[in-house]
1. How big is the range 61-162 by the Kirkwood estimate over distinct Cα pairs, in Å?
2. Restricting to DSSP loop positions (anything but H, G, I, E, B) with no more than 16 other Cβ atoms inside 10 Å of their own Cβ, which trypsin sites (Lys or Arg not before Pro) remain in the range 226-316?
3. Step through the residues of the range 285-295 one at a time and calculate ³J(HN,Hα) from phi using the Karplus curve (6.51 cos²θ - 1.76 cosθ + 1.60, θ = phi - 60°), rounding each to whole Hz and writing x for Gly and Pro.
4. Using a basic spin-label model with each label point 7 Å from the Cα along Cα→Cβ, how many nm lie between residue 33 and residue 258?
5. Among the GluC sites (Glu not before Pro) within the range 214-316, which fall in a DSSP loop and have no more than 14 other Cβ atoms within 10 Å of their own Cβ?
6. Name the residues of the range 97-115 whose amide N is less than 17 Å from a point 7 angstrom out from the Cα of residue 50 along the C-beta direction?
7. Work out the FRET efficiency for residue 94 and residue 310 from their Cβ-Cβ distance, taking R0 = 41 Å, and round it to the nearest 0.05.
8. At residue 146 and residue 297, where each label point lies 7 Å from the Cα along Cα→Cβ, what is the point-to-point distance in nanometres?
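The values are calculated or read from the model by the stated rules, or taken from the named source; none is laboratory data. Only a predicted model underlies this, so the values are computations on that prediction, with no experimental measurement involved. Cβ atoms come from the backbone with ideal geometry, glycine included; neighbour counts cover every protein chain shown. Accessible surface areas use protein heavy atoms only, side chains included; no ligands, DNA or RNA. Shrake-Rupley method; radii C 1.70, N 1.55, O 1.52, S 1.80 Å.
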Amino acid sequence: MILLLGASGYIGQAFAHELERRGWPFVGLARREADYTRFDLLLEYLRAKQPELVINAAGYTGKPNVDACEAAWADTLLGNTLLPQTVAHACAALGIPWGHVSSGCIYSGAKVTVGGQTRAEKDLTRPELRALVEKSPASIHGYTEADEPNFSFRRPPCSFYSGTKALAEEAIAGIGRSYIWRLRIPFDELDGARNYLSKVQRYAKVYDNVNSISHRGDYARACLDLWERRAAFGIYNITNPGFVTTRQVVGLIEKILKPGRWFEFWSGDEEFYRTGARVPRSNCVMDVSKLLAAGVKIRPIDEALETSLRNWKPES
Ligand SMILES: NC(=O)c1ccc[n+]([C@@H]2O[C@H](COP(=O)([O-])OP(=O)(O)OC[C@H]3O[C@@H](n4cnc5c(N)ncnc54)[C@H](OP(=O)(O)O)[C@@H]3O)[C@@H](O)[C@H]2O)c1
């Protein structure tokens with residue numbers, strides 16, 4: 001059986017759904033049943049149950065957004081860095097492979113090719129870069145798994161949340177056999193407070209930037225596909241291939257859902273960070289060549305977005 005930590009969470013539910021769909025036996029464990037954040041209890045549990053794979057979908061995200069993590073440093077560090085380190089050591093002690101839900105939010109910007117030269121650009125809102133995004137998308141490349149995170153405690157500025165996610169990847173590197181599955185801005189067809197497509201519709205003002213994003217179900221499927229194919233352990237970026245601007249997402253919402261309202265945007269970073277957000281946000285483009293080279297199929301971003309909006313299920 002597969003052991004799923006954090007099964008009650010937004011991403012844990014997607015794994016549970018996909019495991020059920022495949023008919024793969026699994027146990028979803030909650031902290032109130034057995035506190036898996038404690039090394040001794042987790043080790044005892046693993047020794048007794050002997051799962052073939054452990055999935056760590058637990059963590060501390062901050063609600064309603066990462067600003068909340070700034071007022072909860074201890075919980076954020078415990079949930080996002082110390083917990084994966086605990087899982088890594090417990091699994092390594094028993095030789096159990098495991099997968100960790102990491103995040104693409106440890107990067108900022110994209111790699112940009114201009115005049116034959118490629119360089120990392122952390123801020124794609126700069127007008128000349130924004131023009132490239134619109135007119136020459138082929139010159140924008142995502143960060144690969146080999147690129148060092150550039151939105152982290154080592155490469156500030158970053159949010160405390162992103163810092164703890166990047167630190168976790170360092171903390172578990174080289175311990176046992178693990179997948180690091182990087183998710184980015186989850187969305188799907190189910191309206192709700194955690195869905196990016198719902199958030200965009202509920203913001204008083206929308207923040208425009210450029211991002212790769214992950215359909216929640218596609219993400220869980222891709223993670224399990226990697227395991228099923230026995231792909232090499234290591235880091236995988238798992239987003240729907242491509243990138244979108246928030247304005248393009250709003251355009252699709254207007255076209256497909258026809259909300260009959262006007263979307264107002266922040267005038268720019270200066271206004272957004274003065275009034276709309278406390279800490280820097282990660283906005284970035286991810287490269288998924290490694291995932292695709294492993295033989296995993298995942299829909300392009302335009303298709304995943306359009307299908308989600310066409311099958312939209314409003315919250316009652
Ligand atoms: N949602 C996103 O936008 C997003 C994007 C990229 C990456 N991620 C990553 O995905 C993972 C899951 O996120 P999520 O959005 O599913 O979060 P969530 O809905 O808040 O669920 C997280 C679950 O983790 C468990 N947990 C264990 N230790 C915790 C702690 N110290 N504080 C809070 N919860 C703790 C809880 O389950 P029990 O108490 O029932 O065991 C909780 O239900 C996290 O590692 C997050 O960094 C999320």
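1. On the way: mean 1/r = 0.0622 Å⁻¹.
Its Kirkwood hydrodynamic radius stands at 16.1 Å.
2. Working: sites: 229, 230, 247, 255, 261, 274, 278, 281, 290, 297, 310; in loops: 229, 230, 261, 278, 281, 297.
Qualifying residues, ordered by number: 229, 230, 261, 278, 297.
3. 10, 10, 9, 10, 4, 5, 4, 5, 5, 7, x
4. Inter-label distance under the simple model: 4.6 nm.
5. On the way: sites: 228, 254, 264, 270, 271, 303, 306, 315; in loops: 264, 315.
For GluC sites (Glu not before Pro) across the range 214-316 that sit outside H, G, I, E and B with at most 14 neighbouring Cβ atoms in 10 Å, the list reads 264, 315.
6. Only 97 pass the distance filter.
7. Numbers: r = 45 Å, r/R0 = 1.10.
Efficiency at R0 = 41 Å is approximately 0.35.
8. So the label points at residue 146 and residue 297 sit 2.8 nm apart.
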